[in-house]
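The structure appears right after this line, and notes come after that.
Every read-out reported here was derived from the displayed coordinates using simple, explicitly stated rules and does not represent laboratory data. Quick caveat, the model's predicted, so the values are computed rather than measured. Cβ placement follows ideal geometry from the backbone for every residue including glycine, while neighbour counts extend to all protein chains displayed.
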Amino acid sequence: MSIPTEPIPNIDAAELLGRQRSAFLREEPPNLAQRKARLARLRAVVLANREQVKEAISADFGHRSHHETDIMELVGVIQSIDYLTRNLGRFMKPERRHVGVLYRSGRAWVEYQPKGVVGVMAPWNYPFSLTFIPLATALAAGNRVMLKPSELTPRTSELIRRMLAETFPADEVAIVLGGREVGAAFSSLPFDHLLFTGSTQVGRKVMKAASDNLVPVTLELGGKSPVIVARGHLDERTMSSIVFGKLSNGGQTCVAPDYALIHEGDLEAFLTRFDATVARTYPEGPTGADYTSIVSDTHYDRLVGLVEDARRRGARVVEAGVAPESAGHRPRTLAPTLVIGAGDESAIMQEEIFGPILPVRTYRNMEEVIDYVNARPRPLALYYFGNEDNECEMLLTRTTSGNAGVNNTLMHVAQDDLPFGGIGPSGMGAYHGVEGFRAMSHAKGVFVQGRWNLPRLLRAPFGRLVDLALTVALGASRKSGHVDQ
Ligand code: NAD
């Protein structure tokens, strides 16, 4: 039996977790049909609220194009739900595993069980998809889910609360609204799994809190993702892709190219073409309909501060594209900005930027690029533009990043079948693809003893039979190239 839907915010989160856990233990784990039905309900409520989602996000940001929200959030959510629905039967199937020679008449397999109650914590930058894709994944894996969206997008968070309260009973999917303190309390709950998307700084705190209860975590964090352009490769497709990756959502994208590494002979051409491409992409300038505002005054001031710090330290700062129509026409509008020659000591080369500012550095050869990337924290994404297979392979094999894109930016995130995640300071674990399903499932290994039980011969009292069995085991293992445990 399900507990009736009701407004969640005032309900104590720990009590909610207790309710979800007892419902999970009381009821059978959901079968394929039940999981698909939950995904279908989720799909329907997303499509029914498409306009409201776009309006809420635009109001929360100050301005964001409805097209951008469709493309960057709603399409991704629907694609993920459809991908999970199509592949769930295959994901859920137990997997037969190898049985060593000594145990041959037995059978071994892995079955993927729901973990129980999964906590999902989301940031503000893609407030809809970064809540709904983890939610869909957790539901596909048969779990119950508690969500904690960001306090910086209150209209979207409230809309999500209403949509989910209409669609799921609170013991199946529930939402907890609130700021940092609520986030801190949420991350200290004894979930069966916790997926956190947000900054590296808060990710550290979340992992600490989860460790008290030994809650397994998936951490989707941020960092400084480089875009590397091969010598002379400044064609229209390259420039358009870099501008798209850097300026979509006003640069507030975790996998946006953070800074560019350009061959020293190409610097001036890159600056000119970047400027022309921005002008073509946003012909109405940064106050036009297609350009997104910065989410809050604090974030806006931080970005302005990064540029000022770099300028003070001697960097060249150039605004790109069409100048804004009238300053102050729309609050928190920051023009696309290039910062050239910022030194490593400047804040802009140390912090994740998360805004429409692109520092540009030059290189002489790929060895230098590899050393530069490897001397810094491992990024969430690395992008390469060029046609040199050797160079590309060298870059991919000798650097480590969460994901990588070749001759595109951001598009790896849209690939349903690729794991999405970081490494080290940019994250831990991954979701999307089968990796997401598995992150939220428990892989239980099962061994069923067969009729012939050879290992029994290896038990005391030891005698001739043991010697015989050892000859079989060790001899046979040598032949098959490994020793079975
Ligand atoms: P954030 O870390 O400030 O907040 C994320 C969530 O944590 C919010 O729900 C917030 O309320 C909560 N929170 C805040 N303080 C907390 C605390 N002390 N304890 C527990 N929870 C707390 O991140 P943000 O500013 O919302 O988002 C921007 C960051 O997220 C960037 O670093 C970006 O790169 C990263 N990000 C990563 C991905 C990814 O998939 N890897 C996607 C989007 C954004």
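Treating r as the C-beta distance of GLU95 and ARG316 and R0 as 51 Å, the FRET efficiency rounds to 0.35. Principal axis analysis of the Cα atoms in the chain yields extents of 89, 58, 37 Å, listed in decreasing size. Averaged over residues, the count of other Cβ atoms within 10 Å places the peptides 41-48, 189-196, 24-31 in the sequence 189-196, 41-48, 24-31, highest first. Backbone amide hydrogens, once placed in the peptide plane, bring ALA404 within less than 5 Å of LEU382, excluding anything fewer than 5 places away on its chain. Taking label positions 7 Å along the Cα-Cβ direction at both GLU284 and LEU47, the computed distance is 3.0 nm, reported to one decimal.
The simple spin-label model puts a point 7 Å past each Cα toward its Cβ; for GLU166 and ARG330 those points are separated by 2.8 nm.
DSSP assigns beta bridges within segment 226-421; of those with both partners inside it, close to 15 percent run antiparallel. Ellipticity at 222 nm from helices only: DSSP H runs of n ≥ 4 in the chain, each -39500 (n - 2.57), divided by the residue count, give -13000 deg cm²/dmol.
Considering only DSSP beta bridges with both partners in the chain, what is the antiparallel share in %, to the nearest 5? In the chain, approximately 35 percent of DSSP beta bridges are antiparallel ones. Extension gain, SER296 to ARG107, is 62.3 nm, computed as 0.36 nm per intervening residue step minus the present C-alpha separation. Ellipsoid semi-axes for segment 137-185, based on the Cα gyration tensor and the rule √(5λ), read 19, 13, 9 Å when sorted largest first. The ellipsoid that matches the Cα gyration tensor of segment 221-303 has semi-axes, each √(5λ) in whole angstrom, of 23, 17, 10, with the longest given first. Here segment 326-386 is treated as a Stokes sphere of Kirkwood radius computed over C-alpha pairs; at 10 °C and 1.306 mPa s its diffusion coefficient rounds to 113 µm²/s.
Working value for segment 5-141: equivalent-ellipsoid semi-axes of 35, 20, 13 Å, each the square root of 5 times a Cα gyration tensor eigenvalue, largest first.
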